[in-house]
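Only the coordinates and a few stated rules stand behind these numbers; no lab work does. Note that this is a predicted model, so its numbers are computed, not measured. As a convention, Cβ positions derive from the backbone with ideal geometry for all residues, glycine included, and neighbour counts pool all protein chains shown.
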Amino acid sequence: MNRYIIQSIFIQFTVCLLAALYTEIWQDVNNNKVRYYYLELTKGPSEQHNIFVRIFISWAAWFLILMNFVSISLLVTLEMVKFFQANFIESDWMIYCQEKDMKCRA
């Protein structure tokens with residue numbers, strides 16, 4: 001497997017973990033504040049779990065939010081590879097059709 005893919009997956013896991021930790025810390029600090037009434041920060045059934053379960057649930061939510069982080073970089077890499085391969089195929093003088101008297105076009 002390509003090491004850049006592994007690095008980007010590792011970065012995504014790290015970013016999700018940091019975001020989950022920050023989310024749980026922020027919610028613990030601001031849980032009883034009245035000024036964030038629109039966020040409905042009252043304790044619900046998901047907040048009755050211990051801190052590790054809440055961090056895992058928050059990590060999963062952030063992972064779903066940032067899921068395209070790896071996919072978009074893979075698509076960009078794939079398109080770049082296709083472009084350069086097409087240029088190499090068109091510039092190869094050995095790929096020539098004598099019957100049609102045509103060079104290769106990618």
Q: Beyond 19 Å, what share of the Cα-Cα pairs of segment 48-106 is found? Please give it as a whole percent.
A: 61
Q) With each pseudo-label sitting 7 Å past Cα toward Cβ, what's the residue 99-residue 27 distance in nm, one decimal? A) 6.7
Q. Which of 62, 26 comes first, and how do the rest follow, when ranked by fewest Cβ neighbours within 10 Å?
A. 26, 62
Q | Positive minus negative residues near residue 74 (Lys, Arg vs Asp, Glu; Cβ under 15 Å) | A | +1
